[in-house]
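Written below as structure tokens is the structure these notes are about.
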Amino acid sequence: MTSIQIIFLLAAAGTLAAGVFVVSSPKILHAALWLIVSLFGIAIMFALLQANFFAVIQVVVYIGAIAILIIFGVMLTRRIMQDTGLQLTRFWWGAALASLGIFAGLITMLSGWKAADIALPEMSSSGTTQAISQLGQALVSPDAYVLPFEAASILLVVAMIGAIYIALDRK
Amino acid sequence: MNFWNDPVNFIGQWLGGLLSGLGLAPSLVNFLLSLLGVLVLAMGSLLFTIFLIWYERKILGRIQDRLGPNRVGPFGLIQPIADMMKIFTKEYITPIGADWLPYNLAPIMAVASVLLLYAVIPFGNRMVGVDLNVGVLYLVAIGGFGILAIVMAGWSSNNKYALLGAFRVIALLVSYEVPMVLALLVPVLLSGSMGMSAIVQAQAGGFWYLFVAPLAALVFFLSSIAEVGRAPFDLIEAESEIVAGFNIEYSGLKFGFFYVAEFLHSFTVSVIFATVFLGGWQGPGAATYPLLGFVYFIVKAWIVYFVLLLFRGSLPRFRIDQMMDLNWKVLTPLSLSLVVVIALVDKLLANVSLLVRGIGLLSSSLVVGFVAVEIMRQAGAKRRREVAPAFEHREAASGSAPVQPGSGGGL
């Protein structure tokens, strides 16, 4: 077992455990903190795949922005901090069954996937730099992803205007 | 390769050979060498903080017409060490109802979020921890951990004032991240790379981005002062309003961790400024002799740090609404338009000589700055005109001397 595999196993186990704690911890702020651990585990996955850019972006966007916003929202909501009720509903077995089914489906699908057997090619540092510029060009090129990219930006602008409208103090 | 041309790799090879001679596996040797590098860097910067604390107290003392520390050791140099020993002996007091893990993790994370920044800083030619090709983004990402440490400290202390302090700090940090990132985009645009070493290399021969894009440097400098929470943006410490801030429930070395993180962070932003805008280790003879480059680098960072201290010692505090105004109404639109203008001018002047390109970029920056100042001046004048009649009316009614036109309100 190489050191990369050891790091992968540790990071994967940590991510999954943190994910379980997100839904099972009774205090909602603890759930938010566990969510950060889980998201950081995914950043480690990106780093192991030599996708430096995605690893850093994962931290910037999810931990630096979204998680902080979630925590802010939790802290500013009244009486949410003392919420220590039971974490299970009456139909917990249904949810467990559904998630087991999805897990089994994913396992059977991925076991037949050819790409899983291919070893990761070693990438030079200039290769990763090239990958970033190719990504940037793909995002604005008409042959690639310009339409979804623009649609996403319009969606974000709409959400922003909506947020301003809701927050506006009408005199 | 000899010591003077490539000191870090020279020592690394020598130590690696020594360890391999002891019969260790190559992967273990690599691991040990990396660990040693991390330890040297982290311990070096933490020990350096002791000196920084002395320096800052001395300079602030001089600004305020005092002597500063002068009793322990020559020029009071041992004073921070005495303070450090004192803080080691203090008792830890954990408030009732504190959330144990986040409460104790927060100070460690605060220091770690600053120390991690040093991983990508090039201290000299071939003297860099990791030459990450997304170095600039890495700096921004690590900043997020600093914010997280403050959230955790404020919330887990189980104290309303700590929570209020944390809210204020986070509102400040999250807002000022926007112009900071936009200002950092300008060097990235000009050098065509996000790696710190490549940005330093692109500034060879005096093509410093401070001269080429002074406005971006100014925006970055102001927003990094705000990120550190130093005066005039020192909302983190507000004894008169929120007792002390997010760290009131911390005592002993745990408080010391936040203190060290703050001091080290303010030197670290000077280091980043020197790397990104002042050409890093570039200077005569620095490419062949990296240790000379290291000296240049520290001198440049030191000058920036001195300016930071002058700001701290001489400027009064902003109110929180004034700070938000400065961020969202001045710095953010300014840096947004600056990025667009610089990108356009840089593309137009892509094929001309370096000197012409530099002059073109500089003049475009100056034009943007002039327009921004003019817009601010007119907005201020308009606001004063709106406020002034009301002031004159009130003064006349109360029978005192009339105020001079234009003295009421202000921007």
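None of the figures in this text is laboratory data; all of them are computed from the coordinates on show. Note that this is a predicted model, so its numbers are computed, not measured. Neighbour counts are summed over all protein chains in view; Cβ atoms, including those assigned to glycine, are modelled from backbone coordinates with ideal geometry.
Please sort B:323-333, B:133-143, B:77-87 by packing, taking for each peptide the average over its residues of neighbouring beta carbons within 10 angstrom, highest first. Present the calculation step by step, with values, prior to reporting the outcome.
Details: B:323-333: 17.5, B:133-143: 23.4, B:77-87: 15.8.
The peptides rank, most packed first, as B:133-143, B:323-333, B:77-87.
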log10 of Debye I(q)/I(0), alpha-carbon scatterers only, for chain B at 0.08, 0.10, 0.13 Å⁻¹: -0.53, -0.81, -1.24
Mind jotting down the distance between the C-alpha centroids of region A:152-170 and region B:49-74, whole Å? 50 Å
As I understand it, the dipole of region B:26-155 uses +1 on the Cβ of Lys and Arg and -1 on the Cβ of Asp and Glu, about the Cα centre. Which of B:G76, B:V114, B:L33 lies farthest toward its positive end? B:G76
Per residue, how much space in cubic angstrom lies within the convex hull of the C-alpha atoms of region B:1-90? 165 Å³
In region B:94-348, with Lys and Arg counted as +1 and Asp and Glu as -1 at Cβ, which of these residues, B:V341, B:I147, B:P95, has the Cα nearest the positive end of the dipole, that is, farthest along it? B:V341
Just counting partner chain Cβ atoms within 10 Å, what average do the residues of peptide A:64-72 show around their Cβ? 5
Where does chain A land on Rg/Rh, using Cα atoms and the Kirkwood Rh? 1.03
Cut-off under 5 Å, modelled amide H: who pairs with B:M127 long-range: none
Per-residue Cβ counts within 10 Å, from other chains only, averaged over B:129-139: what number is that? 4
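Considering all projection directions equally, how large on average is the shadow of the alpha-carbon convex hull of region A:1-83, in square nanometres? Show your work: numbers first, answer last.
Working: hull surface 21.9 nm².
Its average projected convex-hull area is 5.5 nm².
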Förster radius 45 Å - calculated FRET efficiency between B:E374 and B:A171 (Cβ-Cβ, nearest 0.05): 0.90
Projected area averaged over all directions for the convex hull of the alpha carbon atoms of region B:114-155, nm², comes out at 3.0 nm²
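Can you order the peptides B:225-235, B:294-304 by their average number of other Cβ atoms within 10 Å per residue, highest first?
Working: B:225-235: 21.5, B:294-304: 18.6.
The peptides rank, most packed first, as B:225-235, B:294-304.
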Part-to-part distance (alpha-carbon centres) for region B:269-327 and region B:1-31, which is given in Å: 33 Å
The size of the Cβ-based charge dipole (Lys, Arg +1; Asp, Glu -1) of the protein assembly as shown about the Cα centre, to the nearest 20 debye, is 900 debye
Taking just the C-alpha trace of the protein assembly as shown, give me its Rg and Dmax in Å. 26.7, 93
Considering every residue in B:256-268, what mean count of other chain Cβ atoms within 10 Å of its Cβ is obtained? 0
Protection proxy (average C-beta count within 10 Å per residue), highest first, orders B:204-213, B:263-272 as B:263-272, B:204-213
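Quickly estimate the mean residue ellipticity at 222 nm for the protein assembly as shown, helices only: each DSSP H run with n ≥ 4 gives -39500 (n - 2.57), and the total goes over all residues, rounded to 500.
Working: 22 runs with 399 residues, N = 582.
That comes out to -23000 deg cm²/dmol.
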Could you tally up the Lys pairs in the protein assembly as shown with alpha carbons closer than 21 Å? Skip any pair fewer than 8 positions apart unless they're on separate chains. 7
